[in-house]
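**Student:** Pasting a structure here, questions to come.
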Amino acid sequence: MCFSAPVSFTAATALIPVGLVTLHQAWRGDRRFLGLAAFPLLFGVQQAFEGLVWLNLGGWHPERAPISALGFLFFVYLVWPMLVPLAARGLESRPRHRLTLLGLGLAAGGAGAFVFLPLLLNAGWLEVSVVKRSILYHPRLLVGEQFSEWAFRIGYALIVTLPLLTSALANVRLFGGLVALSLILSALYFDHAFTSVWCFFAALLSLFILRLVRLDARTVPPGVRSAPTHAQEASRP
């Protein structure tokens, strides 16, 4: 499979309009879905940043490659670990589960800041290169290299899948299962550039959210924006 600037920009071009549609649908329907509905738009912006990384590494502005890479990693380290639990929390009616997801999102955001802020403040702490037609992001971390790689992958997988897999909504659980599958396949077949490849696959999977929002966040009358839809009630245990 070949990845390149055109692939990243094509993905961004497809995802951003879809994201605007899903946000509009959630706004008109059940606004608790707004966090989830933002996924395609945000993935589209992230893919646009990676397109810039490709261009800069290809000779456009080589000195700016780390800057565009930081734009991409901002989503990896901060946006997704926080947004996934908080978006899942917005759909929850179980008080204990809502509290757990809030704590997970805040803890993940703190851990992400611990990784990202040193990269932002220290020039030269992030190396970016092309390996086997994929982009390798090699950040300098404040903890041991071997430990941090395994801890990052396992912890990251749990943070971005468990909130979805434990949702009361069947379609959200299905989306979580697809994300988990993409993580496994990326680790098995694209270990050399796991972060870049998994984010690309997850970006494509976010197109499923358009169907999810249309099914589960159907239009409801004004004044009852937070009322569960019939689809949500049917999917609850």
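The values are calculated or read from the model by the stated rules, or taken from the named source; none is laboratory data. These figures come from a predicted structure and were not determined experimentally. Neighbour counts are summed over all protein chains in view; Cβ atoms, including those assigned to glycine, are modelled from backbone coordinates with ideal geometry. For accessibility, only protein heavy atoms count, side chains too; no ligands or nucleic acids. Shrake-Rupley method; radii C 1.70, N 1.55, O 1.52, S 1.80 Å.
**Student:** Can you find, among A187, A14, W60, the residue farthest towards the positive end of the dipole of the chain? Put +1 on the C-beta of Lys and Arg, -1 on that of Asp and Glu.
**Tutor:** The one lying farthest along the dipole's positive direction is A14.
**Student:** Taking the dipole about the Cα centre of the chain, with the C-beta of Lys and Arg at +1 and of Asp and Glu at -1, give me whichever of L86, L158, Q25 is farthest to the positive side.
**Tutor:** Of the candidates, Q25 comes out farthest on the positive side.
**Student:** Among (i) 19.9; (ii) 18.4; (iii) 17.9, find the value of Kirkwood radius over Cα pairs in Å that was calculated from the structure presented, and write down its label.
**Tutor:** Label of the calculated value: (ii).
**Student:** Sort 175-185, 63-73 by the packing proxy (mean of other Cβ within 10 Å over each peptide's residues), most packed first.
**Tutor:** Order by mean packing, descending: 63-73, 175-185.
**Student:** Further question on the same structure: So how tilted is helix 170-189 from the main axis of the chain? Cα-based, degrees 0 to 90, rounded to 10.
**Tutor:** Roughly 20 degrees, rounded to the nearest 10.
**Student:** Once fully extended, how much extra length lies between L117 and R211, figured as 0.36 nm per residue of separation less the alpha-carbon to alpha-carbon distance?
**Tutor:** 30.3 nm
**Student:** Can you give me the relative contact order of segment 83-142 as a percent, contacts being Cα pairs under 8 Å and 6 or more apart? Don't jump to the answer; show the numbers that get you there.
**Tutor:** Details: 40 pairs, mean separation 13.0, N = 60.
Rounded, it is 22 percent for segment 83-142.
**Student:** Among P17, P163, P40, determine the one that fluctuates most according to a GNM of the chain built with springs between C-alpha atoms less than 10 Å apart.
**Tutor:** Per the Cα network of the chain with a 10 Å cutoff, P17 tops the list.
**Student:** Using the Cα centre of the chain as the reference point, and only Cβ charges (+1 on K/R, -1 on D/E), how large is the resulting charge dipole? Debye, rounded to the nearest 20. Please report the intermediate quantities before stating the final value.
**Tutor:** Numbers: 18 positive and 10 negative charges, 172 e Å.
Rounded to the nearest 20 debye, it is 820 debye.
**Student:** At 222 nm, what helix-only mean residue ellipticity would the chain give, in deg cm²/dmol to the nearest 500, using -39500 (n - 2.57) for each DSSP H run of four or more? Walk me through the numbers on the way to the answer.
**Tutor:** On the way: 11 runs with 163 residues, N = 237.
Theoretical 222 nm ellipticity from helices: -22500 deg cm²/dmol.
**Student:** Excluding V213 itself, what net charge comes from residues whose Cβ is under 13 Å from its Cβ, given Lys and Arg +1 and Asp and Glu -1?
**Tutor:** +4
**Student:** While we're here: What translational D, rounded to a whole number of µm²/s, comes out for segment 35-165 from Stokes-Einstein when the hydrodynamic radius is the Kirkwood one over Cα pairs, at 10 °C and 1.306 mPa s? Mind dumping the intermediate values first?
**Tutor:** On the way: Rh = 15.8 Å.
After rounding, the answer is 100 µm²/s.
**Student:** Something else now. How large a share of the accessible area of segment 1-154, in percent, is made up of carbon and sulfur atoms when the probe is 1.4 Å and the other protein chains stay in place? List each step's numbers first, then the result.
**Tutor:** Values: 5310 of 7700 Å².
The C+S portion of the solvent-accessible surface of segment 1-154 is 69 percent.
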